[in-house]
Amino acid sequence: MAVLSFDIKGLDATLKGVDNKLKEVERELQDELNAWASLCSTEAKIRAPKDEGHLAGAVNPKFEKLKASVTVAVNYAAFMEFGTKKKAQAYVAGLPADWKAYAAQFKGGGGGAGNLFEAIFAWVKRKGIDEAAAYPIAIKILRDGVNPHPYLFPAYEHTISDLKKNLKTLFK
């Protein structure tokens with residue numbers, strides 16, 4: 001049996017050029033994503049409410065292959081962002097749908113009184129408030145919730161348009 005075959009001259013070089021171009025685009029894309037996550041996390045740190053600084057210190061960019069995000073590694077991060085109880089409902093109602101869905105993950109996730117009383121007692125001491133106020137403050141928080149203190153959503157909103165613009169430029 002006779003076999004007829006042929007090669008396309010220059011195909012290997014062309015494919016290598018395409019592969020190199022893809023790697024270059026991936027690098028540029030990753031650079032843009034990393035820059036955005038760094039900027040967004042810096043802005044969120046600035047906007048985060050500060051008492052002892054744990055919340056702001058827990059805001060960090062996270063870099064992965066062709067992906068970047070901002071994480072906040074404290075268990076109360078969402079409750080500070082969105083508030084709690086009816087105060088959260090009012091704030092979250094005005095957010096875009098994807099942020100509403102994100103906030104819904106934390107609904108009812110509060111720990112109740114737990115060490116709330118200890119935390120409020122320590123807070124009034126730091127603030128120079130009469131220690132007798134700790135219990136009524138804690139009860140009010142348990143009954144009414146806490147106000148939202150948005151820091152991550154505003155940082156995202158402030159930085160995402162530049163990322164989108166940069167990505168459009170990159171992929172033209």
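The values are calculated or read from the model by the stated rules, or taken from the named source; none is laboratory data. These numbers were taken from a predicted model, which means no experiment stands behind them. Here the Cβ positions follow ideal geometry from the backbone for every residue, glycine too, while neighbour counts run over all protein chains shown. Calculation scope for accessible area: heavy atoms of the full protein, side chains included, ligands and nucleic acids excluded. Shrake-Rupley method; radii C 1.70, N 1.55, O 1.52, S 1.80 Å.
Quick notes on this structure:
- Those residues of region 124-172 which are in contact with an Asp or Glu (Cβ under 7 Å, 6 or more places away or on another chain), outside any loop (DSSP other than H, G, I, E, B), more than 30 Å from L29 (Cβ to Cβ) and open to solvent by less than 100 Å² (accessible area, probe 1.4 Å), in sequence order: V124
- Some residue of region 153-165 being among the β-branched types (V, I, T) and free of Cβ contacts under 8 Å to residues at least 40 places away in the same chain: no
- Qualifying residue in region 117-127 (condition: without any contact (Cβ under 8 Å) to a residue 60 or more places away in the chain and within 15 Å of the chain's Cα centre (by Cα)): no
- The lone exception for Y76 - which of (1) modelled with pLDDT under 90; (2) over 15 Å from the mean Cα position of the chain (by Cα); (3) not charged (D, E, K, R) it fails: (2)
- L116, sole failed condition from (1) closer than 24 Å to P61 by Cα; (2) at pLDDT below 90: (1)
- Any helices (runs of 4 or more DSSP H) falling wholly within region 12-105 and containing at least 1 residues that are buried (at least 17 other Cβ atoms within 10 Å of the Cβ) and of a type in the set (S, T, Y): 85-92, 97-104
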